[in-house]
1. Considering every residue within segment 158-171, establish whether at least one is modelled with pLDDT of 90 or more, more than 16 Å from residue 54 (Cα to Cα) and not small (Gly, Ala, Ser).
2. Give the residues of segment 99-136 that are among the aliphatic types (A, V, I, L, M), assigned to a strand (DSSP E or B) and either surrounded by fewer than 14 Cβ atoms within 10 Å (Cβ to Cβ) or in contact with a Pro (Cβ under 8 Å, 6 or more places away or on another chain) (or both), sorted by residue number.
3. Checking the structure you have, find out if any residue of segment 47-54 is free of Cβ contacts under 8 Å to residues at least 24 places away in the same chain and of a type outside the set (Asp, Glu).
4. Could you list, in sequence order, all residues of segment 82-98 that are assigned to a loop (DSSP other than H, G, I, E, B), within 16 Å of residue 153 (Cα to Cα) and out of contact with any helix residue (DSSP H, G or I) (no Cβ under 6 Å at 6 or more places or on another chain)?
5. List pairs: first in segment 147-160 and of a type in the set (Gly, Ala, Ser), second crowded, with 18+ Cβ neighbours inside 10 Å and at pLDDT 95 or above, Cβ under 6 Å, 6+ apart or cross-chain?
6. Kindly list the number of the only condition in (1) of a type outside the set (S, T, N, Q); (2) touching a residue at least 24 places away in the same chain (Cβ under 8 Å); (3) in contact with a strand residue (DSSP E or B) (Cβ under 8 Å, 6 or more places away or on another chain) that fails for residue 105.
7. Give me the pairs: first residue in segment 33-46 and at negative phi and in a helix (DSSP H, G or I), second residue surrounded by 22 or more Cβ atoms within 10 Å (Cβ to Cβ) and modelled with pLDDT of 90 or more, beta-carbon distance under 6 Å, and six or more apart or on different chains, which are they?
8. What pairs come up if the first residue lies in segment 118-139 and is basic (Lys, Arg), the second is modelled with pLDDT of 95 or more and part of a strand (DSSP E or B), and their beta carbons are under 7 Å apart, counting only those six or more places apart or on different chains?
Amino acid sequence: MPLDLETAAFDARVAGLLAPTPTTRTDAPLDARVQEVLRMLRDRTGLEVVFVARFRDGQRVFTHVEQPATHPVLQVGAGNPLETSWCARVCDGRLPELMPDSAPWIDSGDAPDPGLPVGTHLSTPLVLSDGRIHGTLCCFSAGVNPRVTVEELRKLRWTAKLLAQAIEQEAGQPAARDGAH
């Protein structure tokens, strides 16, 4: 499939999963839809690990992880102090969203040693409609992946925008069902 058709199909599938309309409505729970989107991002980027992290009470907590089953490196529910995470540094501008090769950042001390091999790294904030940062959408590989470009970062940002909207919608649904606002 030509790249532009592949991109259009990817965009349509992600939009259908995260921003369902009456004609594309899905009854799948948000967690299942997010997991499918992460799988799609992993396939598209060729990066080994894709995850969603939430920032809460000074911690970065992994809420969704897509990675090789044979070599898992992250665990849903696990986390670490926000101030030591790459995610927080991306959100506050100390690290770029796209690091084709993270070694120079680690070697300089700008990126804390993650304790596992990280070559190419992509990360972008999940920004809620009121401007608060919910967390991040991230991808990385153990080695450098030259296939990852600024186009992949654009796709990650777009996906993160839809994901933030879906998170807000999901959070608002219980209140709407209960009649409370």
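The values are calculated or read from the model by the stated rules, or taken from the named source; none is laboratory data. The structure presented is a predicted model; accordingly, all values stated were derived computationally and were not measured. Cβ: placed from backbone, ideal geometry, glycine included. Neighbour counts: every protein chain shown.
1. Looking for residues that are modelled with pLDDT of 90 or more, more than 16 Å from residue 54 (Cα to Cα) and not small (Gly, Ala, Ser), one finds at least one in segment 158-171, hence yes.
2. Of everything in segment 99-136, just one residue is among the aliphatic types (A, V, I, L, M), assigned to a strand (DSSP E or B) and either surrounded by fewer than 14 Cβ atoms within 10 Å (Cβ to Cβ) or in contact with a Pro (Cβ under 8 Å, 6 or more places away or on another chain) (or both), namely 133.
3. At the first step, the residues of segment 47-54 found to be free of Cβ contacts under 8 Å to residues at least 24 places away in the same chain are none.
No: segment 47-54 contains no residue that is free of Cβ contacts under 8 Å to residues at least 24 places away in the same chain and of a type outside the set (Asp, Glu).
4. 93, 96 - these are the residues of segment 82-98 that are assigned to a loop (DSSP other than H, G, I, E, B), within 16 Å of residue 153 (Cα to Cα) and out of contact with any helix residue (DSSP H, G or I) (no Cβ under 6 Å at 6 or more places or on another chain).
5. These pairs meet every condition: 160/124; 160/126; 160/137.
6. Tallying (1) of a type outside the set (S, T, N, Q); (2) touching a residue at least 24 places away in the same chain (Cβ under 8 Å); (3) in contact with a strand residue (DSSP E or B) (Cβ under 8 Å, 6 or more places away or on another chain), residue 105 fails exactly one: (2).
7. Cβ pairs passing all conditions: 38/50; 38/66; 39/66; 41/50; 42/50; 42/66; 45/139; 45/148.
8. none
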